[in-house]
Amino acid sequence: MAEITASLVKELRERTGAGMMECKKALTETNGDIDAAAEALRKSGLAKADKKASRVAAEGRVAAAQVGGKAVLVEINSETDFVAKDGNFVDLCEAIAAAALASGSTDVDSLKTAKLASGETVEEARAAAIAKLGENIQVRRMVSVNTNNHVAAYVHGGKIGVLIEVAGGDADLARGLAMH
């Protein structure tokens, strides 16, 4: 049996984002094979995601992405406002909004298969976030606009999102209206 060193546990923890004891347990079970341990943690994360799916996710945030006349708002929910304010969760929300914009997804079901910049799908990233943050996370809803008119997306405090399309005027007018 290979010796499980602190540096090996640390490396696996940095790679997966899992807790220290979970990493040590996975390394012990895989006889020190870091790749196999990472895969085991990923699978256990998917199992955790399935278990937590029935829990109510009523907190969360709205993320926006926009390029020219194309914009999207995505609402992603968590169980608590503490997770909704966590940097990992905020980064996930921004990445999902960017993936929604890039993929041209028009609904949540098609968004689940969209690829993030990291190469994983939205659903895979969501399951990994559940394993890392320990809460149910759901992509609740989304809305998109794709037009030749001026579009503005505005998110206030991470909770309220607005998409507006303006025929005529300019981008500053659209942004000003969205903020009101």
Worksheet item: If you go through region 158-166 one residue at a time, do you hit one that is over 27 Å from T16 (Cβ atoms), in contact with a His (Cβ under 8 Å, 6 or more places away or on another chain), open to solvent by 60 Å² or more (accessible area, probe 1.4 Å) and not polar (S, T, N, Q)?
Response: yes
Worksheet, complete the sentence: When every residue in region 67-77 that is among the hydrophobic types (A, V, I, L, M, F, W, C) and under 12 Å from Q138 (Cβ atoms) is compared, the one surrounded by the fewest Cβ atoms within 10 Å (Cβ to Cβ) is I76
Worksheet entry | region 87-117, subset free of Cβ contacts under 8 Å to residues at least 12 places away in the same chain and small (G, A, S), residue farthest from V62 (Cα to Cα) | S110
Discussion item. Checking V145 against (1) part of a strand (DSSP E or B); (2) among the β-branched types (V, I, T); (3) at pLDDT below 90: exactly one of these is not met. Which one?
Written reply: (3)
Item to complete: Residue by residue through region 132-154, note down the ones that are open to solvent by less than 30 Å² (accessible area, probe 1.4 Å) and in contact with a Lys or Arg (Cβ under 6 Å, 6 or more places away or on another chain).
Response: N136, I137, A152
Practice prompt. Filter region 82-126 down to the residues that are of a type in the set (K, R) and open to solvent by less than 90 Å² (accessible area, probe 1.4 Å), then identify the one that is farthest from L41 (Cα to Cα).
Written response: K112
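The values are calculated or read from the model by the stated rules, or taken from the named source; none is laboratory data. Note that the structure is predicted; figures quoted are calculated from it, not measured. Using ideal geometry, Cβ is built from the backbone for each residue, glycine included, and neighbour counts are taken over all protein chains shown. Calculation scope for accessible area: heavy atoms of the full protein, side chains included, ligands and nucleic acids excluded. Shrake-Rupley method; radii C 1.70, N 1.55, O 1.52, S 1.80 Å.
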